[in-house]
Amino acid sequence: MTNKMDEQIIVAPRTTVFNNEQLTFQGVNSKQSQTQQIVANMASSYSVMRRGDAEENPEYKQPIPYCVIRQGDKVFGYKRLSGGGEARLHNQISLGVGGHVNDIEGLDFYGVISESLKRELDEELYIDQDKFTLSTIGLINDDENEVGRVHLGMLVIAELEEGAKVSVKETDQLEGLWFSVDELKQPEVFESLETWSQFVVGIL
């Protein structure tokens, strides 16, 4: 099994992505003109880098599709259990499914992002992919911590048809939960959310 830090992932130079910091923001940005420009900047400047090197290099941003599943007024979340690998995230709740992006020969940036997201959903969840629609609603940036500084979330909402089922695959590592938006705003739940998920609650 290869070390995940040797994985080749897509990155883009921060100076280009944020137009020499003129487009930098903290939290969620859902202003279409700005987010489209940032994504276009990534699409025109991305390259491939070893993940271990990218995680240590704040001069590059790693695009991460971050898909939030919604069904009516409910939002799907999952809690990382102690059987999971990343100890720092145990018992934290995440509202987003996503991960690093690998280049795919023959596809442009937008196609690669789309395929990567479908793969992540398929790896993490049992979900009928014919029964939801995807829409990109913004970007997530968190320069206030080491992990956030090297990532850029592409916030996607998956609207699930009524009656369609979703559940986690790795039941030893994850527990799937449904929340109303009001529940997510309650302090006891909100404080257990990962930082990106806290940002997302603000615009649901």
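Please treat every number below as a calculation from the coordinates, not as lab data. Model, not experiment: these values are computed from the prediction. We place every Cβ from the backbone using ideal geometry, glycine too, and count neighbours over all the protein chains shown.
Before moving on, here are some points about what is shown:
- Across the options 66, 179, 135, the greatest Cα extent toward the positive end of the charge dipole of segment 62-201 (unit charges at beta carbon of Lys, Arg, Asp, Glu) belongs to 179.
- Seen against the Cα atoms of the chain and their longest principal axis, helix 109-124 is set at about 30 degrees.
- Excluding same-chain neighbours fewer than eight residues apart, the aspartates and glutamates reachable from residue 74 by a Cα-Cα span under 15 Å are 159, 161, 162, 182, 183.
- Per-residue [θ]222 nm for the chain (sum of -39500 (n - 2.57) over DSSP H runs n ≥ 4, rounded to 500): -7000 deg cm²/dmol
- Bridging of residue 79 to aspartates and glutamates at a Cα separation below 12 Å is possible for 170, 172, 175, 194, once same-chain residues fewer than 8 apart are set aside.
- Crossing angle, helix 32-45 versus the chain [Cα axis fit, 0-90 degrees, rounded to tens]: 60
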